[in-house]
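Engineer: Dropping the structure in here first, questions after.
The values are calculated or read from the model by the stated rules, or taken from the named source; none is laboratory data. Computed from a predicted model, the values in this text were never measured in an experiment. Here Cβ is always computed from backbone atoms with ideal geometry, including for glycine, and neighbour counts include all displayed protein chains.
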Amino acid sequence: MYDVVYIDAHGDETPVARQLDDRKDAAEVARQAAAERGAGRMVLPGSSRLPNCVCVIPVPPAEAA
């Protein structure tokens, strides 16, 4: 499962979508959210937490239940 969050210029996180089953679906939601917010980029897991971006974050199995 994957969560999608927006990180604003101040580093504050806003949830966009929660517990999506498919990574491709999560990436598509992130692309749309980035375009709507003018974020200009998307960061996938393992990257630095950059400000003004939309991120796809894997949900640990214990939290997905």
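Engineer: Can you go through 39, 62 and tell me which one is at pLDDT below 90, touching a helix residue (DSSP H, G or I) at 6+ places or on another chain (Cβ under 9 Å) and not in a strand (DSSP E or B)? Walk me through it before giving the result.
Structural biologist: Working: 62 fails: touching a helix residue (DSSP H, G or I) at 6+ places or on another chain (Cβ under 9 Å).
Testing whether each residue is at pLDDT below 90, touching a helix residue (DSSP H, G or I) at 6+ places or on another chain (Cβ under 9 Å) and not in a strand (DSSP E or B) leaves just 39.
Engineer: Considering only residues of the range 1-36 that are touching a residue at least 40 places away in the same chain (Cβ under 8 Å), assigned to a strand (DSSP E or B) and hydrophobic (A, V, I, L, M, F, W, C), which is surrounded by the most Cβ atoms within 10 Å (Cβ to Cβ)?
Structural biologist: Of everything passing the filter in the range 1-36, 4 is surrounded by the most Cβ atoms within 10 Å (Cβ to Cβ).
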